Structure formats: structure tokens, C-alpha cells
Amino acid sequence: MPLPAEFHAIAKRVNNWGRWGADDEIGTLNLITDAVVREAAATVRTGRRIPLALPLQQDGVQTGAIPGRVNPVHAMVQINQELFGPPGGGTVATSDDVVTLGLQCATHWDALAHASHSGKLYNGRPAATITAHAGAEFTGIDKARHVVSRGVLLDVARARGVDRLDGGHAVTPEDLDAAEELAGTRVRAGDIVLVRTGQIQVYLAGDKHAYMYPSPGLSIRTPEWFHARDVAAVANDTLTFEIFPPESNDLWMPVHALDLVEMGMPQGQNWNLEKLSTACGQEGRYAFLLSATPEPFTGATGSPVAPVAIL
């Protein structure tokens with residue numbers, strides 16, 4: 001089914017293809033310059049560190065609704081085993097384990113290769129360059145080698161005076177404006193924006209099905225807001241990132257296509273922003289140094305990440 005005219009109009013306005021050259025594979029991460037990182041480091045005042053990742057565990061956020069995206073399955077392959085040296089010779093014993101998991105099963109970044117539309121990936125690459133044998137030939141998560149910048153928490157729930165947005169709430173540019181005003185800082189080029197809806201509370205309370213659906217999330221109008229401010233990456237505290245069910249029955253996951261394919265902007269899901277929200281409220285500041293480099297799985301369309309906000 002062809003994408004509607006509304007989508008194509010927004011796509012044309014936010015398109016970054018060729019902006020950093022025909023061979024570019026990291027999109028808006030190019031906006032995180034050395035100068036941006038130096039300014040980000042200057043936001044650290046107390047050294048307080050707040051982890052933003054969910055535990056990687058078998059009872060994770062996945063319900064089976066997304067085929068193949070399995071929660072981590074952990075198994076021990078060695079337990080206190082002496083591998084080298086003569087038996088009984090005082091050799092040090094070691095334990096090893098393995099994990100099988102969906103790379104986007106918990107707190108993660110989507111690679112630019114995660115979404116395509118009209119047969120194309122970011123920068124006009126053919127979607128057919130993703131294969132069963134090699135994964136993503138271009139724009140895989142391994143290309144995002146270092147993701148460290150100024151983070152800004154846009155606490156939409158707090159700005160609206162609620163603890164959690166309801167499941168039918170589509171986060172709008174007006175919501176982002178209000179949260180930016182609450183934050184007391186303007187989002188600027190190279191920032192990583194974290195959008196808090198409060199939805200992660202549903203999962204933390206034990207209801208993973210209600211966490212997935214219905215869920216608040218970003219509306220189709222938000223990519224232009226991020227494009228106008230030259231944001232490097234965006235993450236939030238929901239499973240689907242954008243509002244789900246979608247705003248329009250004939251247009252599913254349009255924000256993925258606009259962010260990842262047209263703009264080349266990485267997006268993250270399942271980030272736990274609750275402790276960060278509390279800390280930012282206590283300290284009266286919503287900007288911080290954010291370390292959030294994904295695991296460099298070659299050719300992968302996403303990767304787990306253990307982000308840390310440093311105040």
C-alpha cells in the first residue's frame with residue numbers, strides 16, 4: 001500500500017540524505033562533534049551517576065507479540081572448571097555463560113538499518129542490502145562506534161502535571177516545547193533527547209502486556225521538531241517508541257520511517273527514566289553527560305545498551 005501524501009510531505013522536510021556525503025552511515029550522530037562532547041562534559045557538577053537500562057532477564061518486556069524478539073535466555077557452560085594446567089595443581093577455576101536474546105529485547109538503540117520504506121534505507125541505500133547471511137551491509141549498529149553527548153530529559157509527563165501519560169496520548173511538538181521549558185534549557189545540535197512518558201512504570205509494576213498496548217509515544221509531528229533542532233538521537237521509556245496503536249489506521253510505524261530512514265536519527269526504546277526524572281526534579285536541571293554506546297554487533301539492526309546519565 002502506498003504511503004499517504006502527509007507522510008511524503010514530512011519526509012521531504014526532514015530528509016538528510018547526502019547531507020554528510022553519499023557514503024555516510026551514521027546520520028545525525030555526525031552532529032556529536034568534539035566541541036559538543038566538551039560542552040557535554042562541562043554539565044557534570046556532582047558526578048552522580050544514574051543507570052537507565054532495564055535488567056537483561058528472561059522475564060523481560062517481550063511478550064511474544066514481536067516474532068523472534070526473545071527475552072534473554074541465560075545458561076552456564078562452565079562452572080568452577082579448571083581449564084589449564086595439571087589436575088589438582090592449584091589451577092584457577094573459571095565459570096562461563098552464554099546468552100541468547102533479541103538484540104532489541106530490552107533497553108536498546110535501533111540502528112538506521114532497522115527500518116526501511118519504499119525499498120530504501122537511510123541515505124538511499126537499497127533495503128535489499130540487508131540479508132540473512134550478513135545482516136545489514138550498510139548502516140548497521142556497529143557503525144555507531146561512540147555515542148556520548150549532552151543528554152536532555154524532556155519530561156513530558158511531569159510537564160503535563162501527571163505521573164504517567166495515558167495510553168492514547170500522542171506526544172506532540174507542543175508537549176516537547178512544554179517539557180523543554182520545564183527543563184530550563186533549549187535542546188541544541190548534537191544533543192541526545194530522552195522523552196519521558198512514564199509508561200515504563202506499567203512494566204515495572206508487572207504488567208508487560210499493558211506496557212506494550214496501549215502505549216503513549218511520539219506522534220508523526222515530532223520528527224520535524226527534532227530535525228529543526230539537529231538532535232543527534234532520541235530515546236524514550238516505551239516499547240514501541242511511537243504511539244501505539246497508531247494515530248492513523250493506514251499508517252503504521254511512520255515515526256520509525258521518518259527518524260531512521262529519512263533523517264538518519266537513531267532511536268531507543270525501553271529506557272528506564274524514572275530515577276533520572278526524580279534526580280532532575282531534585283536538582284532542578286535536566287541536562288547531563290550521557291554515555292550510551294551500543295554493543296558493536298557487526299551487521300545488526302539494533303543493540304542492547306546500558307546508558308548512564310552523569311549529573
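Worth a mention:
- Point-charge dipole on Cβ atoms (K/R +1, D/E -1) for region 8-110, about Cα centre, debye to 20: 620
- Choice from Arg48, Arg221, Arg188 with maximal GNM fluctuation in the chain (Cα, 10 Å cutoff): Arg48
- Cα-Cα separations in region 1-94 greater than 16 Å, expressed as whole percent: 81
- Heavy-atom accessible surface of Lys120, to the nearest 10 Å², is about 80 Å², with a 1.4 Å probe and all protein chains retained.
- Cut-off under 5 Å, modelled amide H: who pairs with Met253 long-range: none
- Cβ-placed point charges (K, R +1; D, E -1), dipole of the chain about Cα centre in debye, nearest 20: 500
- Protein heavy-atom accessible surface, 1.4 Å probe, per residue over the chain: 44 Å².
- Per residue, the chain reaches -5000 deg cm²/dmol at 222 nm when only DSSP H runs of four or more residues are counted, each adding -39500 (n - 2.57).
- Toward the positive end of the charge dipole of region 23-132, with +1 on the Cβ of Lys and Arg and -1 on the Cβ of Asp and Glu, the farthest Cα among Leu31, Thr131, Val98 is that of Leu31.
- For region 132-143, the Karplus equation 6.51 cos²θ - 1.76 cosθ + 1.60, evaluated at θ = phi - 60°, returns couplings of 5, 6, 10, x, 8, 5, 10, 6, x, 5, 5, 6 Hz by residue, with Gly and Pro reported as x.
- Between Gly151, Gly68, Gly140, the residue with the greatest mean-square fluctuation in the GNM of the chain (Cα pairs under 10 Å linked by springs) is Gly68.
- Taking Glu180, Glu283, Glu274 as the candidate residues, the one with maximal mean-square fluctuation in a Gaussian network model of the chain, Cα springs under 10 Å, is Glu283.
- Partners for Lys143 among lysines (Cα-Cα distance below 20 Å; same-chain residues under 8 apart left out): Lys120
- Each Cα pair under 8 Å and six or more residues apart adds its separation to the average, and for the chain the resulting relative contact order is 29 percent.
- Percentage relative contact order, region 131-199, counting C-alpha pairs under 8 Å, at least six apart: 45
- Net charge contributed by nearby residues that have their C-beta within less than 13 Å of Gln81 (K/R +1, D/E -1): -3
- 5 angstrom amide H check on Lys120, placed H, neighbours 5+ away: Ala127
- When the alpha carbon coordinates of region 189-253 are projected onto the principal axes, the ranges are 37, 29, 11 Å, largest first.
- Backbone geometry of region 13-30 corresponds, through the Karplus equation with coefficients 6.51, -1.76 and 1.60 at θ = phi - 60°, to 3J(HN,Hα) couplings of 6, 9, 5, 10, 4, x, 4, 10, x, 5, 9, 5, 10, 10, x, 5, 5, 4 Hz, x marking Gly and Pro.
- Debye, to nearest 20: dipole size of region 13-52, +1 on Lys, Arg Cβ, -1 on Asp, Glu Cβ: 400
- For Asp110, the solvent-accessible surface computed with a 1.4 Å probe is close to 0 Å², ligands and nucleic acids excluded.
- Proximity of backbone amide H atoms, modeled 1.01 Å from N, is registered between Thr240 and no other residue at under 5 Å, excluding neighbours fewer than 5 places apart on the same chain.
- A simple rule links phi to the HN-Hα coupling: the Karplus curve 6.51 cos²θ - 1.76 cosθ + 1.60 with θ = phi - 60°, which for region 279-292 gives 5, 5, x, 5, 8, x, 8, 10, 10, 6, 7, 10, 9, 8 Hz, with x for Gly and Pro.
- Value of relative contact order over region 40-104, rounded to a whole percent, pairs C-alpha under 8 Å and six or more apart: 29
- Heavy-atom accessible surface of the chain: percent carbon and sulfur, 1.4 Å: 54
- Sorted largest first by accessible area at a 1.4 angstrom probe radius, with every protein chain in place, the residues Ser95, Ser219 fall in the order Ser95, Ser219.
The values are calculated or read from the model by the stated rules, or taken from the named source; none is laboratory data. Predicted model, so just to flag it, every value in this text is computed and none were measured. Glycine gets a Cβ as well: all are built from the backbone with ideal geometry, and neighbour counts include every protein chain shown. All accessible areas refer to the heavy atoms of the entire protein, side chains included, with ligands and DNA or RNA removed. Shrake-Rupley method; radii C 1.70, N 1.55, O 1.52, S 1.80 Å.
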